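K.L.:
Provided herewith is a single structure, encoded as structure tokens, for subsequent inquiry.
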Amino acid sequence: MSKFEQTIETFKKSFQDKLKRTDYDETLLRAIAKSLGPSIYENDFSKVACSDKKELDEVKTTFLIGKLGLIDSPELDDAIKEVCATMGSANRNKYRVVFYYLLVEKFEKRAIFVMKEKAKSEKKKKIAEEPVVHDALSDEIIDNYALYAAGAGLIPIPIIDLVSISAVQYKMIKKLASNYPHVVFNENKTKSVLAAIVGGMGSLELGIFTRILFKSVPFFGPIIGGTAVSGFAYFSTKSIGQIFDDHFASGGDLSISELSIQKMKDTFNFKIKKSKVPS
């Protein structure tokens, strides 16, 4: 049994033993788990601590608002408290996937995850039927462009590296958009949304900018600065790709409202902090 399947079994056991439920939708459970990626195996992220207000705020910002597209309101805080109560104060293993499942169920947002899994299934079917020419799956696109961005981050000339990283991210979004028939690609809109999402990262942004300038220092500057910028380029590109792909898969396009852009920006900042990129 694979590591993923073992983890899914743990979530199913949590439903059965802790929540006394057997009516859960395993397809939805798997879709939510896949959307979180390798983080479901990390002990510090795989569980939700209901006693930690900061963490609950992040659940609201990144999942309820950023992922499910809900508007901030006291109802969201009440829903999180309700899920905490449902999972039980004595339950130390409040698995994030199960926690998120209960929130999805409460706000009736199953379609967001089902649409993405359906889109992936259809793309896989298309690849099987037309093996000669096809677009790579979203995950492959994101992984490949994240590596391209990491390479661009190693460019020893400050500013040129940032321009190159931005160009890679722009091309990645264009490639992802081509996977969704309903998305009409717009060059100017893409650039403005991308700039809005990655801008204003505060101390993190200043830290990376310092490392970019450090490349100008002779001898070890390009090596030390390049390594830091390359790591940032990789994780930021991967995060941006996941955010845009989730947006497209849930039926969104590039006519993104200011509110949605702010949600995407908050999600991006959270993902970068979670990736532990040095600031």
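K.L.:
Got a sec? Which of V193, V183 is more than 18 Å from the chain's Cα centre (by Cα), farther than 23 Å from S14 by Cβ and at pLDDT below 85?
P.N.:
Being more than 18 Å from the chain's Cα centre (by Cα), farther than 23 Å from S14 by Cβ and at pLDDT below 85 holds for just one of V193, V183, which is V183.
K.L.:
Further question on the same structure: Take E9 and decide whether it is out of contact with any Asp or Glu (no Cβ under 9 Å at 6 or more places or on another chain), in a helix (DSSP H, G or I) and exposed (fewer than 12 other Cβ atoms within 10 Å of the Cβ).
P.N.:
Criteria met by E9.
K.L.:
State yes or no: is F232 assigned to a helix (DSSP H, G or I), closer than 22 Å to Y148 by Cβ and either at pLDDT 75 or above or in contact with a Gly (Cβ under 6 Å, 6 or more places away or on another chain) (or both)?
P.N.:
Spelling it out, F232 is indeed assigned to a helix (DSSP H, G or I), closer than 22 Å to Y148 by Cβ and either at pLDDT 75 or above or in contact with a Gly (Cβ under 6 Å, 6 or more places away or on another chain) (or both).
K.L.:
Moving to a separate point now. Identify all residues within the stretch 1-31 that are among the small types (G, A, S) and farther than 21 Å from T86 by Cα; write none if there are none.
P.N.:
Once the filter is applied, which keeps residues that are among the small types (G, A, S) and farther than 21 Å from T86 by Cα, the stretch 1-31 yields S2, A31.
K.L.:
Assess whether L154 counts as being farther than 13 Å from S230 by Cα, modelled with pLDDT under 80 and of a type outside the set (D, E, K, R).
P.N.:
Against the criterion (farther than 13 Å from S230 by Cα, modelled with pLDDT under 80 and of a type outside the set (D, E, K, R)), L154 does not qualify.
K.L.:
Among the residues of the stretch 13-33, count how many are among the basic types (K, R), surrounded by fewer than 16 Cβ atoms within 10 Å (Cβ to Cβ) and either touching a helix residue (DSSP H, G or I) at 6+ places or on another chain (Cβ under 9 Å) or not assigned by TED's automatic domain parsing to the domain that holds S89 (or both).
P.N.:
1
K.L.:
Can S73 be described as among the hydroxyl-bearing types (S, T, Y), free of Cβ contacts under 8 Å to residues at least 60 places away in the same chain and either farther than 18 Å from S239 by Cα or in contact with a helix residue (DSSP H, G or I) (Cβ under 9 Å, 6 or more places away or on another chain) (or both)?
P.N.:
Spelling it out, S73 is indeed among the hydroxyl-bearing types (S, T, Y), free of Cβ contacts under 8 Å to residues at least 60 places away in the same chain and either farther than 18 Å from S239 by Cα or in contact with a helix residue (DSSP H, G or I) (Cβ under 9 Å, 6 or more places away or on another chain) (or both).
Listed here are the residues, each with its yes/no results for (1) within 27 Å of M264 (Cβ to Cβ); (2) within 23 Å of the chain's Cα centre (by Cα); (3) not in a loop (DSSP other than H, G, I, E, B).
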| site | (1), (2), (3) |
| --- | --- |
| E5 | no, yes, yes |
| K13 | no, no, yes |
| K60 | yes, yes, yes |
| I71 | yes, yes, no |
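K.L.:
Residue under question is L56, and the condition is that it be more than 25 Å from A249 (Cβ to Cβ), surrounded by 15 or more Cβ atoms within 10 Å (Cβ to Cβ) and without any contact (Cβ under 8 Å) to a residue 40 or more places away in the chain; does it hold?
P.N.:
Spelling it out, L56 is indeed more than 25 Å from A249 (Cβ to Cβ), surrounded by 15 or more Cβ atoms within 10 Å (Cβ to Cβ) and without any contact (Cβ under 8 Å) to a residue 40 or more places away in the chain.
K.L.:
Kindly establish whether K106 is in contact (Cβ under 8 Å) with a residue 24 or more places away in the chain and either in the same structural domain as F244 (by TED's automatic domain parsing) or touching a strand residue (DSSP E or B) at 6+ places or on another chain (Cβ under 6 Å) (or both).
P.N.:
no
The values are calculated or read from the model by the stated rules, or taken from the named source; none is laboratory data. Since the structure is predicted, the reported quantities are computational estimates derived from the model, not experimental observations. For neighbour counting, all protein chains shown are included, and Cβ atoms are generated from backbone atoms with ideal geometry for every residue, glycine included.
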